[in-house]
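Quick notes on the structure that follows.
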Amino acid sequence: MKKKIFKTQDGSPSFLIRELDETYHSKYGALTEASYIYIEKGLSSWIKKNNKKEVSVFEMGLGTCLNAYLAFCFCKKNNIKLNYYAVEKFPLSKEEIELLGMEKYLPYPKFHKLFKWLNSSDWNTNNFYEDFFFKKSNSDFFDSKINNKCDIIFYDAFGYNAQPEMWGEKALEICSRTLKPCGYWISYCSKGSVRRCLEKLGFEVDRLQGPPGKREILRAIKTV
Ligand SMILES: C[S@@+](CC[C@H](N)C(=O)[O-])C[C@H]1O[C@@H](n2cnc3c(N)ncnc32)[C@H](O)[C@@H]1O
């Protein structure tokens, strides 16, 4: 599908897919959204709550590797070992990543070379960058078979209108299976039907204040 590059409100770029009327990130700020939702309310919150020095993250929808990069930087700064698993059904090409030019807007210049490494590392193999483990699978989320292994899921699918199947019980059940007890599921989503479905699956769901342009987001904790 053809993608158009646009500048989000914090200056960082993102892709728009016209056919789906969907963007890869919030138009109010790609970097702001990723840092606030996935790092502050996801990764950082889980680490503080569980007081751990190692964490395993699963990302649904790797896209540009922005969330993976920010997670790595957070863990490096805080001396935490990170294992990162991600699925991506429609990988971006090298040319698309280069044209996007996200690198110029990334924090932590000393880690910029990692952003390139994340995007250029091999698919479907175990990759290591120092003690950081990274495996990106070029596969459909519905084929994921990572059972009871992850502490946090960054759930970053396209929105309900474009991909309703990603927000229904079958998909959320896979998330529940993927997570260890007390694991976090975090997303930009605030949809009532998603919250109710997570609750039905045994999650404790919090409605948190959203990033700029978004009133609420959901964070769910696996209780069973
Ligand atoms: C909103 S974008 C995510 C942006 C990304 N997290 C980033 O930081 O750039 C949604 C991503 O999910 C991927 N995707 C959509 N359906 C999928 C599926 N069934 N399995 C795996 N990936 C999927 C898309 O190709 C796209 O890269």
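Only a single criterion out of (1) without any contact (Cβ under 8 Å) to a residue 12 or more places away in the chain; (2) within 13 Å of the ligand (Cβ to nearest atom) is not satisfied by Ala86, namely (1).
Within segment 37-46, being more than 13 Å from the ligand (Cβ to nearest atom) and either open to solvent by less than 30 Å² (accessible area, probe 1.4 Å) or in contact (Cβ under 8 Å) with a residue 12 or more places away in the chain (or both) holds for Lys41, Leu43, Ser44, Ser45, Trp46.
Got at least one residue in segment 106-116 being touching a strand residue (DSSP E or B) at 6+ places or on another chain (Cβ under 8 Å), more than 11 Å from the ligand (Cβ to nearest atom) and among the hydrophobic types (A, V, I, L, M, F, W, C)?
From segment 106-116, those touching a strand residue (DSSP E or B) at 6+ places or on another chain (Cβ under 8 Å) are 114; that's our starting set.
Narrowing further to those that are more than 11 Å from the ligand (Cβ to nearest atom): 114.
Within this subset, residues satisfying the condition of being among the hydrophobic types (A, V, I, L, M, F, W, C) are 114.
Scanning segment 106-116 turns up at least one residue that is touching a strand residue (DSSP E or B) at 6+ places or on another chain (Cβ under 8 Å), more than 11 Å from the ligand (Cβ to nearest atom) and among the hydrophobic types (A, V, I, L, M, F, W, C).
Restricting to segment 21-58, and then to whatever is of a type in the set (Asp, Glu) and over 15 Å from Tyr155 (Cα atoms), can you tell me which residue is farthest from the chain's Cα centre (by Cα)? If you could, list the steps in order and put the result at the bottom.
Filtering segment 21-58 for residues of a type in the set (Asp, Glu) gives 21-22, 33, 40, 54.
Filter once more, so that each one left must be over 15 Å from Tyr155 (Cα atoms): 21-22, 54.
Working: Asp21: 20, Glu22: 16, Glu54: 18 Å.
Among those that are of a type in the set (Asp, Glu) and over 15 Å from Tyr155 (Cα atoms), it is Asp21.
Restricting to segment 71-99, name every residue that is within 22 Å of Gly159 (Cα to Cα) and within 18 Å of the chain's Cα centre (by Cα). Across segment 71-99, the qualifying residues are Tyr85, Ala86, Val87, Glu88, Lys89, Phe90, Pro91, Leu92, Ile97.
Do the conditions hold for Ile5, that is, is it within 16 Å of the ligand (Cβ to nearest atom), touching a residue at least 60 places away in the same chain (Cβ under 8 Å) and either over 22 Å from Leu172 (Cα atoms) or in a strand (DSSP E or B) (or both)? Break it down stepwise before answering.
Values: within 16 Å of the ligand (Cβ to nearest atom): yes; touching a residue at least 60 places away in the same chain (Cβ under 8 Å): yes; either over 22 Å from Leu172 (Cα atoms) or in a strand (DSSP E or B) (or both): yes.
Taking the combined requirement at face value, the residue satisfies it.
Filtered by the rule that a residue be open to solvent by less than 30 Å² (accessible area, probe 1.4 Å) and not in a helix (DSSP H, G or I), segment 23-36 gives His25, Ser26, Gly29.
If the condition is being in contact with a Cys (Cβ under 9 Å, 6 or more places away or on another chain) and either within 14 Å of the ligand (Cβ to nearest atom) or open to solvent by 10 Å² or more (accessible area, probe 1.4 Å) (or both), then segment 60-83 contributes Met60, Lys81, Asn83.
The values are calculated or read from the model by the stated rules, or taken from the named source; none is laboratory data. Computed from a prediction, not measured in an experiment: that's the story for all the values here. Cβ coordinates were reconstructed from backbone atoms using ideal geometry, including for glycine residues, and neighbour counts include every protein chain displayed. Surface accessibility is based on the protein's heavy atoms, side chains included, excluding ligands, DNA and RNA. Shrake-Rupley method; radii C 1.70, N 1.55, O 1.52, S 1.80 Å.
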